[in-house]
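In what follows, a structure is listed as structure tokens, so that the remarks can point back to it.
The values are calculated or read from the model by the stated rules, or taken from the named source; none is laboratory data. Owing to the predicted nature of the structure, the values given are computational and were not obtained by experimental measurement. Neighbour counts run over all protein chains shown; Cβ positions are idealised from the backbone, glycine included. Accessible surface areas use protein heavy atoms only, side chains included; no ligands, DNA or RNA. Shrake-Rupley method; radii C 1.70, N 1.55, O 1.52, S 1.80 Å.
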Amino acid sequence: IEEALRFLDMPRVRFAVRITELSEFTTIGRDDVEFLLSANPGEPLAPLIKIASGGELSRVMLALKTILARHLALPTIIFDEIDTGISGRTANDVGDIIARLAESMQVIDITHSPQVASKGSRHFLVYKEQSRSNIRPLSNEERVEEIAKMLSGDTITEAALAQAKHLLSR
């Protein structure tokens, strides 16, 4: 997990799992499991749920899901905004991890990140009409436009189109 987190721009991270046996069984078992994290040098390990930012939580979840998916040889994995709270180079790294996973299994990734979306082999647009959600595949040209919208909003600029093309060419 630490190795995966280092790749995701957490170079000095420490991660641990604390398992405490409870005195009696509960509806979820007899163990209390707690994830501990130290994201920065000099910080003590502390409960993940209490100290992690949204971006740190996203990266820990991606690391855990990636390891479990490979270990369990899952045929499909779904990520729903696993990249929340991250951007830039880290978003690019998340996209790389997801793309590598997709080499050995089907990956469905719901994202608002242009860096992550550009790494996929297929791109679908999810949209609402009245109260119904719809999904449709995008052509290559539509994919460029959609990534440009992620970069610049509803008004697509030439710079956003050029950046979208650049992201898709990598």
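Once the cut-off is 23 Å, how many percent of the Cα-Cα pairs in the range 83-170 end up in the long-distance tail? Each step should come with its number before you reach the end.
Numbers: 809 of 3828 pairs.
Across the range 83-170, Cα pairs with separations above 23 Å total 21 percent.
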Output the relative contact order of the range 19-170, whole-number percent, from Cα pairs under 8 angstrom with separation of 6+ residues. 14 percent
Any aspartates and glutamates whose Cα falls less than 13 Å from that of K50, other than same-chain ones fewer than 8 residues away, would be E34
Only bridges whose two residues both fall in the chain count here: according to DSSP, what percent of them are antiparallel, nearest 5? 75 percent
What number comes out for accessible area per residue over the chain if the probe is 1.4 Å? Units Å², please. 64 Å²
Order these peptides, 117-126, 131-140, by their mean beta-carbon neighbour count within 10 angstrom, highest first. 117-126, 131-140
What do you get for Rg/Rh of the range 13-115 when both radii come from the Cα atoms and Rh is the Kirkwood radius? 1.03
Approximate spin-label separation Q106-E145, in nm, with each point projected 7 Å along Cα-to-Cβ: 2.8 nm
Suppose every Lys and Arg Cβ carries +1 and every Asp and Glu Cβ carries -1, with no other charges. What dipole size does the chain come out with about its Cα centre, to the nearest 20 debye? 280 debye
Report the relative contact order of the range 23-111, percent, no decimals, based on alpha-carbon pairs under 8 angstrom and at least 6 residues apart. 25 percent
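Where does the range 100-143 land on the Kirkwood hydrodynamic radius, alpha-carbon pairs, in angstrom?
For the range 100-143, inverting the mean 1/r across all distinct Cα pairs yields 11.9 Å.
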Could you name the lysines whose alpha carbon sits less than 21 Å from that of K119, not counting residues in the same chain fewer than 8 places away? K65, K149, K165
So what's the back-of-envelope 222 nm ellipticity for the chain, counting only DSSP H runs of four-plus at -39500 (n - 2.57) apiece and dividing by all residues, rounded to 500? -12500 deg cm²/dmol
